[in-house]
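Just below is one structure, and these are the notes that go with it.
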Protein chains: 2
Amino acid sequence: MRRLADRLGSGVMSLYWHIDTKEDVFDLALDAVLKYRGFSQTGELGEWRAEVVHMLEDWRVCMLRHPWSASLLPSRALGANMLRRLELLGSSLSRAGVADADLNVAIWSLWNHVLGATVTRASFDLSDEDKAAAQQRLTHLSERYPTIERSRLLLENDWDGTFRKGLDFLLDGLTPKL
Amino acid sequence: MRRLADRLGSGVMSLYWHIDTKEDVFDLALDAVLKYRGFSQTGELGEWRAEVVHMLEDWRVCMLRHPWSASLLPSRALGANMLRRLELLGSSLSRAGVADADLNVAIWSLWNHVLGATVTRASFDLSDEDKAAAQQRLTHLSERYPTIERSRLLLENDWDGTFRKGLDFLLDGLTPKL
DNA sequence: ACCTGAACACCGTTCAAGT
DNA sequence: ACCTGAACACCGTTCAAGT
């Protein structure tokens with residue numbers, strides 16, 4: 001708050017005219033990050049999968065632009081932009097043929113993938129120094145964690161590709177339901 | 001820290017003999033939550049899917065037992081128990097036939113599902129009062145969020161089932177790679 | 001080796017007051 | 001309608017000192 005007021009060149013307590021509490025600032029900041037500047041309805045049938053992938057990739061990119069947003073997510077109310085994105089995702093899936101009974105699972109699973117990938121990336125995208133240290137530590141422990149060692153789980157860097165491929169798995173699993 | 005010291009019946013500064021910083025306490029707390037009391041290697045072939053499902057459900061349950069653990073996850077180093085779980089998951093998948101090239105994607109996708117589901121659940125598992133309020137708000141906005149309204153996305157309560165079904169989608173998508 | 005209290009620099013917020 | 005500074009209750013941590 002004090003920092004924020006400084007940045008704005010105002011007195012600290014002036015902030016409290018506009019918002020009630022620090023939590024409110026976080027809610028607003030998170031929702032600002034999630035603002036969606038994409039099509040709101042394309043409706044091109046047959047293209048639902050590309051449409052969904054595009055939406056979710058954009059979602060992830062928005063959050064990665066401000067890495068703090070991932071750490072804000074837990075225990076925060078859903079703002080208007082978040083609702084808008086969920087609605088858009090849901091309507092795409094629905095028009096693609098997902099039955100109403102499966103809609104919740106589909107929406108949450110896809111959102112969870114975005115959320116999880118964002119948090120994971122923000123936590124484990126190591127700097128080069130950290131990577132060297134991790135390498136060191138893992139080599140040292142390679143007999144305890146052979147699979148991690150072999151797959152270079154923490155050193156592998158293609159987060160975009162991992163996200164995209166994982167998303168494909170999910171959508172592949174979802175598709176037979178259509 | 002002061003609260004923790006009180007709880008332990010010690011002076012505040014005594015804590016600092018055992019740990020360096022508040023962050024360290026969080027790291028330790030998170031890793032304690034993730035302690036795994038399951039089989040370490042079953043190796044029963046053909047049962048890999050049940051094995052993976054069991055591991056991931058346990059993972060999720062552990063984290064839900066202490067809802068604060070979800071909010072600790074972002075920007076935290078991976079402790080020994082986390083590494084152990086990742087290793088175990090990876091080796092199950094590997095023995096099930098997942099190629100080394102796909103191992104990272106598979107591990108991260110499944111972990112992301114657990115993580116995302118945990119955070120989502122911790123954020124959106126509304127109390128009954130909140131649910132009434134949300135209902136109110138959504139009904140009011142139902143023309144803007146028709147799909148959310150129709151699927152009762154925020155009122156639907158079967159988080160366990162949603163987690164499990166989403167996991168099935170993921171594993172279904174993964175299986176053809178075997 | 002382990003514990004301690006006083007002190008410091010910080011923080012969010014209440015309150016009563018200003019324009 | 002909007003801004004403000006003084007004050008309060010809290011917090012993590014340094015330091016120098018105790019056993």
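Roughly speaking, what is the centre-to-centre gap between region A:48-80 and region B:126-163 when only Cα atoms are used, to the nearest Å?
If we compute the Cα centre of each part, the gap is 20 Å.
Of A:Glu149, B:Glu47, which has the most accessible area and how do the rest follow, probe 1.4 Å?
B:Glu47, A:Glu149
Please quote Rg/Rh for chain A to two decimal places, taking the Kirkwood radius as Rh and restricting both calculations to Cα atoms.
Reported Rg/Rh (Cα atoms, Kirkwood Rh): 1.06.
Using a label position 7 Å from Cα in the Cα→Cβ direction, what is the ascending list of nm distances from A:Pro176 to the same site in the other copies?
From this label point to the equivalent ones elsewhere in the assembly: 1.0 nm.
In nm, one decimal, shortest first: how far is the label point of B:Asp125 (7 Å from Cα along Cα to beta carbon) from the matching points in the other copies?
Inter-copy label distances (nm, one decimal, shortest first): 3.0.
Could you give the accessible area per residue of chain A, probe 1.4 Å, as a whole number in Å²?
Each residue of chain A exposes 51 Å² on average to a 1.4 Å probe.
In region B:57-76, which residues become less accessible by 40 Å² or more once every protein chain is in place, relative to the chain on its own, using a 1.4 Å probe?
With the partner chains in place, region B:57-76 has these residues losing at least 40 Å²: B:Pro74.
How large is log10 I(q)/I(0) at q = 0.16, 0.19 Å⁻¹ when the Debye formula is applied to the Cα atoms of region A:83-178, each weighted equally and without solvent?
Each listed q maps to, in turn, -0.77, -0.91.
Could you give the spread of the C-alpha atoms of region A:34-125 along their three principal axes, from largest to smallest, in whole angstroms?
The Cα atoms of region A:34-125 stretch 36, 25, 25 Å along their principal axes.
Mind listing the label-point distances from B:Phe39 to the same position on all other copies, shortest first, one decimal in nm, points 7 Å along Cα→Cβ?
4.8
At 222 nm, what value in deg cm²/dmol follows for the protein assembly as shown if DSSP H runs of at least 4 each add -39500 (n - 2.57) and the sum is divided by all its residues, to the nearest 500?
Result for the protein assembly as shown, helices only: -21500 deg cm²/dmol.
Give me the summed buried accessible area for the A-B pair, 1.4 Å probe, to the nearest 100 Å².
That pair hides around 5000 Å² of surface in total.
Per the Cauchy relation, a quarter of the hull surface: what is the mean projected area of the convex hull of the alpha carbons in the protein assembly as shown, in nm²?
Dividing the Cα hull surface by four gives the mean projection, 21.0 nm².
Just going by the charge dipole of region B:34-125, with Lys and Arg at +1 and Asp and Glu at -1 on Cβ, which of B:Ala106, B:Met82, B:Ser94 is farthest out on the positive end?
Sorting the options by dipole projection puts first B:Met82.
Among A:Ser71, B:Thr147, B:Trp17, whose Cα lies farthest out toward the positive end of the dipole of the protein assembly as shown, if unit charges sit on the beta carbon of Lys, Arg (+1) and Asp, Glu (-1)?
B:Trp17
So how strong a dipole does chain B carry about its Cα centre when Lys and Arg Cβ are +1 and Asp and Glu Cβ are -1, to the nearest 20 debye?
Dipole about the Cα centre, nearest 20: 260 debye.
Counting only other chains, and only Cβ atoms inside 10 Å, what mean value do you get across the residues of B:80-86?
3
For chain B, what % of the accessible area comes from carbon and sulfur atoms, probe 1.4 Å?
About 52 percent, which is the carbon plus sulfur part of the accessible surface.
Over 28 Å between Cα atoms, which of B:Lys35/B:Lys165; A:Lys177/B:Lys177; A:Lys177/B:Lys35; A:Lys22/B:Lys22; A:Lys165/B:Lys22; B:Lys131/B:Lys165 qualify?
A:Lys177/B:Lys35; A:Lys165/B:Lys22
About its Cα centre, what dipole magnitude does the protein assembly as shown give when the only charges are +1 on Lys and Arg Cβ and -1 on Asp and Glu Cβ, stated in debye to the nearest 20?
Dipole magnitude for the protein assembly as shown comes out near 520 debye.
The values are calculated or read from the model by the stated rules, or taken from the named source; none is laboratory data. Since we're looking at a predicted model, the values are computed, not measured. Every residue, glycine as well, gets a Cβ built from its backbone with ideal geometry; the counts of neighbours run over all protein chains shown. SASA here: full protein model, heavy atoms, side chains in, ligands and nucleic acids out. Shrake-Rupley method; radii C 1.70, N 1.55, O 1.52, S 1.80 Å.
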